[in-house]
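First comes the structure, then the notes that go with it.
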């Protein structure tokens, strides 16, 4: 990863590529909200279930390709490859951060 990303996003990407559910979850605040695939996941327990299902279903790998900041958000275009039709795709990951935690993540 050659982009200058906030440390918590670097940790999230690394843990995601290792499919390390515990480490991915550690990146989120207790009351985080994730929006992905037209669904909303609130709180660590719900987010954990989504992470496990996504890893099992898609066997994904992340490669950040660009990043910008827009007010309180860090928007990272991430090339996602895996076992899904149309792989790879490059959605934007909209991170809302507070210190060393992800408060919200919306994947578009």
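Bear in mind that the values in this text are calculations on the coordinates, not laboratory data. Since the model is a prediction, treat every value here as computed from it, not as a measurement. Here the Cβ positions follow ideal geometry from the backbone for every residue, glycine too, while neighbour counts run over all protein chains shown.
One table, with the values for the structure above:
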| read-out | value |
| --- | --- |
| Beta bridges per DSSP with both ends in the chain, % antiparallel, nearest 5 | 85 |
| Over the chain, relative contact order from alpha-carbon pairs under 8 Å, at least 6 apart, % | 25 |
| Residue 39 paired with residue 71, simple spin-label distance in nm, labels 7 Å along Cα-to-beta-carbon | 2.8 |
| Label point distance in nm, residue 61-residue 4, each placed 7 Å from Cα along Cα→Cβ | 2.8 |
| Correct option for mean projected area of the Cα convex hull in nm² [calculated from the coordinates] among (i) 6.1; (ii) 7.6; (iii) 11.2 | (i) |
